[in-house]
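The values are calculated or read from the model by the stated rules, or taken from the named source; none is laboratory data. Fair warning: this is a prediction, and the values are worked out from it, not measured in the lab. Ideal geometry is used to build each Cβ from the backbone, glycine not excepted, and the neighbour counts take in all protein chains shown.
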Ligand SMILES: *Cc1c(COP(=O)(O)O)cnc(C)c1O
């Protein structure tokens, strides 16, 4: 704190990202990164970068990436917005589309950045509680709102809504923008992209960070009606004209082009997830039914913070959230089968040693 700070900054409660340790030997299952890394063609592109690629500003309209996305998702260039990670895309969406007199609605247990963006931009919000089984109760969102934001699958629960349910929400909620955050959709849930033609108030947000293994690159995008995209462009062009760098544009295009790598690695993660869920259940864990690349787990007889500390002492990082109703859960990223086995060995050892 300093006397130079504005009152506004003094009162901010920033999002706390998962730890990115700088030291060597940790099993990092805390931020839902992809264990497999990107397509070899992405690395090829980065290797062959030459000096004009760095000397020159990138295309402010990111046309090469928008065209590759348009091709992949069967939409037009003017239905796409790209940004520096989907966090930035979401921030612009809150600012450009969700700031109204009525409160924005999102689940009480969800991605922690939503309330942070509301506070940053002075947007009223009212979280809606998940059910006792941690599910989104859609009917509770059929009320006058400044906007609705739902991750599908939800994070950190991993539970997904079927597309039919998203459509039912859109049929009832035409007065405000509905943002579906599909950060994890490629691991088994149904995407709402096809509904953007039917509902002009639907914005679907996705990222290259998880299923395409490019968290370090920072590329995210949104698909929706051109009027919504226009609003995002107005905010973006009032903030940073060049949010996606040249290397990132080329690498993201290369990632999109390698469909085989994408399909193979996400299937491996889905298979490992199901196997890990079974092993955890055998150890007595409650495992929420996840369609993401992570599992949200609780053990009826062990405190989550204690378990988190025990794993940490064994160089295994998972994520514990000190938030009401979810503080007895741990969020565990699905790694390779080897990594899942190391996690299970550590857990079995911890339970055996009765040090809890
Ligand atoms: C990881 C994540 C994002 C942000 O991803 P970027 O790396 O900023 O693209 C957005 N929403 C949810 C729910 C996430 O888990």
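Annotations
- Index of the failed condition, residue 167 passing every other in (1) more than 16 Å from the ligand (Cβ to nearest atom); (2) more than 29 Å from residue 239 (Cα to Cα); (3) in contact with a strand residue (DSSP E or B) (Cβ under 8 Å, 6 or more places away or on another chain): (3)
- Residue 218 falls short on exactly one of the conditions (1) touching a helix residue (DSSP H, G or I) at 6+ places or on another chain (Cβ under 7 Å); (2) within 24 Å of residue 125 (Cα to Cα); (3) in a loop (DSSP other than H, G, I, E, B), and that condition is (2).
- Verdict on residue 38 being surrounded by 14 or more Cβ atoms within 10 Å (Cβ to Cβ) and within 16 Å of the ligand (Cβ to nearest atom): yes
- Test: residue in segment 79-91 that is out of contact with any strand residue (DSSP E or B) (no Cβ under 8 Å at 6 or more places or on another chain), more than 16 Å from the ligand (Cβ to nearest atom) and either within 27 Å of residue 60 (Cβ to Cβ) or at pLDDT 95 or above (or both): no
- In segment 311-349, residue farthest from the chain's Cα centre (by Cα) [restricted to those that are in a helix (DSSP H, G or I) and buried (at least 19 other Cβ atoms within 10 Å of the Cβ)]: 347
- Segment 123-143: number of residues that are assigned to a helix (DSSP H, G or I) and either within 15 Å of the ligand (Cβ to nearest atom) or touching a helix residue (DSSP H, G or I) at 6+ places or on another chain (Cβ under 7 Å) (or both): 2
- Residues that are farther than 19 Å from residue 192 by Cα and touching a helix residue (DSSP H, G or I) at 6+ places or on another chain (Cβ under 6 Å) within segment 221-231 comprise just one, 231.
- Residue count, segment 112-122 (criterion: surrounded by 20 or more Cβ atoms within 10 Å (Cβ to Cβ) and either part of a loop (DSSP other than H, G, I, E, B) or away from the ligand (no atom under 13 Å from the Cβ) (or both)): 1
- Set side by side, the residues 191, 211, 248, 238 differ, and just one is at pLDDT 95 or above, more than 15 Å from the chain's Cα centre (by Cα) and not in a helix (DSSP H, G or I), which is 238.
- Tally of residues being over 21 Å from the mean Cα position of the chain (by Cα) and touching a residue at least 12 places away in the same chain (Cβ under 8 Å) across segment 255-275: 3
- The set of residues in segment 92-109 being in a loop (DSSP other than H, G, I, E, B) and in contact with a strand residue (DSSP E or B) (Cβ under 6 Å, 6 or more places away or on another chain) consists of 98, 103, 108.
- Taken together, the residues in segment 92-111 that are surrounded by fewer than 21 Cβ atoms within 10 Å (Cβ to Cβ), away from the ligand (no atom under 16 Å from the Cβ) and either within 19 Å of the chain's Cα centre (by Cα) or under 21 Å from residue 240 (Cα atoms) (or both) amount to 1.
- Neighbours by Cβ (under 9 Å, 6+ apart or cross-chain): first from segment 179-203, at positive phi; second assigned to a loop (DSSP other than H, G, I, E, B) and surrounded by fewer than 22 Cβ atoms within 10 Å (Cβ to Cβ): 188/291
- Evaluation of residue 215 against (1) within 14 Å of the ligand (Cβ to nearest atom); (2) buried (at least 24 other Cβ atoms within 10 Å of the Cβ); (3) at negative phi (one fails), failing number: (2)
- Scanning segment 1-36 for residues that are in contact with a helix residue (DSSP H, G or I) (Cβ under 8 Å, 6 or more places away or on another chain) and at pLDDT 95 or above turns up 27, 29, 34, 35, 36.
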